[in-house]
Amino acid sequence: MHRISSAYVGEWPITWSPSVTLVPTRFCFNSCGYCSFRRPPDGLDPLADGLSDPQAQAALRLRPWAAEVLLLSGEVPPGSPQRRAWFSRLLALSRLAWTEGRLPHTNAGPLSIAEMASLGRFNGSMGLMLEGLGPAYDALHRQSPSKRLAVRLGQLEQAGRLGIPFTTGLLLGVGESEADRLAALELLAQLQRRWGHLQEVILQPFRPDADAALLLNATEQADLLGTIAAARSILPPEVHLQLPPNLWPLQELPAALAAGIDDLGGIDSSDVINRAYPQPTPGQLAEVLAQAGYELTPRLCVHQAWRRCLPLAMQRQALRAESRLLASKPSGLRSPWP
Ligand code: SF4
């Protein structure tokens, strides 16, 4: 595991995960104040808008180099008669991705320990945002039972107990104080020291969607750069810090890397959550990074240091997926990736 300090600028690669996103359903029983992804409960089958297997296979084949399959789903509540069908669909799509030689990464809200363990057999890593703590989040999540801090922390603990390589993160810029941000980072640091399973923490700026879409201004960038630096000093050094590159001005990316970001996350051709913010292409990212002395390098959804935590069958799947990924690695900017 590498150590991170301000002396690292340009010294090692910045990673990203070539990814394809599958959405089992946009139905969600929560109602977060900022969400533009959700389909409200409308009396229809929660899976009515879901992907069929042929649709999922077609999506995978459109992106043959994408080693990561992000399963991103709205949530059916525990105890609902529809929960079993919803969970079966997550499991079936994970298996389908596995049989196509990919590594699924599921982010579908809180799971029971049996559900998480079951998905863990087919997922290279899993994820759940902590989001944050304090009154700003309480207000936004008043109608979102699964976003309660105790529920989120319980899930992160559970993943640690199961030894699942895990991605979490903070949603920043929703009215929280600096003290709230630091307290949230301290909680994540404690979890990592206890369980060692947090492979990456996403520092995600909240951005308005649709017609209100707007990139961060200079003041907002400076504010986030301070939080990135704080995260780098609070979190154990093995935890990667991730910034979604479509939510940050492309030409300013080197400043975020200098502050401590070392990963750009899973990148599909579009962002199904922040739809108004187009993804930069890997070629565009590589060019901006190269000008600042960094190298952009593809990775799997599970970071290298956490692969030994996976079951043996998954480690073998990761090796095969990595071989294919490296075989498609571009030389310079002559990339088979769009
Ligand atoms: S839990 Fe996720 S999908 Fe559901 S309302 Fe909140 S942000 Fe939207």
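What the Cβ-Cβ distance of Ala58 and Ala218 gives, at R0 = 30 Å and to the nearest 0.05, is a FRET efficiency of 0.10.
Dividing the summed helix terms, -39500 (n - 2.57) for each DSSP H run of n ≥ 4, by the number of residues in the chain produces a 222 nm estimate of -11500 deg cm²/dmol to the nearest 500. Each Lys or Arg adds one and each Asp or Glu takes one away; over the other residues whose Cβ falls under 13 Å from the Cβ of Asp53, this sums to +2. Overall, the anisotropy analysis places segment 179-338 in the oblate class: the square-rooted eigenvalues a ≥ b ≥ c of its C-alpha gyration tensor yield a/c not less than 1.5, with a/b not exceeding b/c. Rounded to the nearest 20 debye, the dipole magnitude of the chain is 1240 debye, with +1 charges on Lys and Arg beta carbons, -1 on Asp and Glu beta carbons, and the Cα centre as origin. With both residues required to sit in the chain, DSSP beta bridges show an antiparallel share near 5%. Sorting 178-186, 191-199, 38-46 by average packing, meaning the other beta carbons within 10 Å per residue, from highest down gives 191-199, 178-186, 38-46. Within the chain, the cysteines lacking any other cysteine Cβ closer than 4.7 Å to their own Cβ are Cys28, Cys301, Cys309.
Look at the dipole of the chain built from charges on Cβ: of Pro145, Gln317, Gly260, the Cα furthest out on the positive end belongs to Gln317.
Counted residue by residue at 0.36 nm each, then reduced by the alpha carbon distance between them, the extension gain from Arg308 to Ser323 reaches 3.7 nm. Rounded to the nearest 20 debye, the dipole magnitude of segment 1-153 is 140 debye, with +1 charges on Lys and Arg beta carbons, -1 on Asp and Glu beta carbons, and the Cα centre as origin.
Bear in mind that the values in this text are calculations on the coordinates, not laboratory data. Because the structure is a prediction, the values reported are computed rather than measured. Neighbour counts are summed over all protein chains in view; Cβ atoms, including those assigned to glycine, are modelled from backbone coordinates with ideal geometry.
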